[in-house]
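Contents: one structure, followed by commentary.
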Amino acid sequence: MARVIVDVALKPEILDPQGRAVQGALGRLGLTGVTDVRQGKQFVIDVDGDLDQEQLNKLHELAGSLLANPVIEDYELRIDESA
Amino acid sequence: MTARIAVVTFPGTLDDRDAMRAVELGGAQPVSLWHGEADLKNVDAVILPGGFSYGDYLRCGAISRFAPVMDKVVDAANGGMPVLGICNGFQILCESHLLPGALLRNESRHFVCRDQKLRVENNQTAWTNTFDSEQEILIPLKNGEGRYFADEHTIAELEDTGRVVFRYLDVNPNGSLNDIAGITNERGNVVGLMPHPEHAVESLIGPSLDGLGLITSAVNQLTGASA
């Protein structure tokens, strides 16, 4: 089995109200010095057998169209070698 | 002829019945379409109504975009058919790339529900041609993710080419760039907006009858074109 991890985050210039709310909660719960919180998403994708180049290309294509919206989000795709 | 205007129902759509009723009150024949069927049933125009299609999973409208009916809607829109996206429907139009930009979580972090004043900035589109130039209208708004965003270049292009169709007045309820409430494509047949015209079509339950103007505009465009 191969495992692919795709992390999706709002582009840095876009305000993240969820992150802002979490930042407020961290402060209220006693964590001092927090300057910023950004909230993202992680997709853990398990694939049967070894990944071939065709599957990897397809994963990149879908990460940039379905999993992330390039208008507002960036994504990073990596293969989890420990899986 | 009586214009046939479709309303698409996705799993999680809320306002399809209201939209069907608005179509009827606006003088057209409503036709119900199911997201899973790749068939537009020979309609003349399509409305993607509001709600929470697919539970807003992944991103609002991100999964609906790939529904079988949407391939047909995209083709028809590219061929010039009037298509209107309301709220979640606007989000779907953006995810489908029929309209530029995206809708983000409200700046205030709150779901906003209010009667919202808007200015009609472009009365030349398929859905706004019966409004006066710069007419002010009042229709309900209800969203948690209505903050319109596009990159600087796109915003400038929308503004320079008159493609901002509706602008929020008095209050910007969600942090949308340039107070943008609704936009259109280059051709003016595809319009998306966050507020809900289908909830302002009857004096008993709406704050005005201003929402009917979108339907009568489409009817005007469709029947005028065939005459």
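Remarks
- Condition broken by B:LEU204, with the remaining ones in (1) farther than 25 Å from B:MET81 by Cα; (2) at pLDDT 95 or above satisfied: (2)
- Only residues that are buried (at least 21 other Cβ atoms within 10 Å of the Cβ), within 14 Å of another protein chain (Cβ to nearest Cβ) and not hydroxyl-bearing (Ser, Thr, Tyr) were counted in the stretch B:64-82, giving 3.
- Residue ranges of strands (runs of 3 or more DSSP E) in the stretch B:115-208 with at least 1 members touching a residue at least 24 places away in the same chain (Cβ under 8 Å) and under 19 Å from B:VAL219 (Cβ atoms): B:136-143, B:164-168, B:180-184, B:190-193
- For B:GLY89, the stated conditions do not hold, so it cannot be described as touching a residue at least 12 places away in the same chain (Cβ under 8 Å), touching a strand residue (DSSP E or B) at 6+ places or on another chain (Cβ under 8 Å), at the interface with chain A (Cβ under 10 Å from one of its Cβ atoms) and among the small types (Gly, Ala, Ser).
- Scanning the stretch A:43-83 for residues that are away from chain B (no Cβ under 13 Å), of a type outside the set (D, E, K, R), outside any helix (DSSP H, G or I) and out of contact with any helix residue (DSSP H, G or I) (no Cβ under 9 Å at 6 or more places or on another chain) yields a count of 4.
- Scanning the stretch A:1-42 for residues that are in a helix (DSSP H, G or I) and surrounded by 10 or more Cβ atoms within 10 Å (Cβ to Cβ) turns up A:PRO17, A:GLN18, A:GLY19, A:ARG20, A:ALA21, A:VAL22, A:GLN23, A:GLY24, A:ALA25, A:LEU26, A:GLY27.
- Residue count, the stretch B:94-109 (criterion: hydroxyl-bearing (Ser, Thr, Tyr), at the interface with chain A (Cβ under 8 Å from one of its Cβ atoms) and closer than 25 Å to B:ASN185 by Cβ): 0
The values are calculated or read from the model by the stated rules, or taken from the named source; none is laboratory data. Because the structure is predicted, anything quoted here is derived from the model rather than measured. Reconstructed Cβ throughout: ideal geometry from the backbone, glycine too, with neighbour counts over all protein chains shown.
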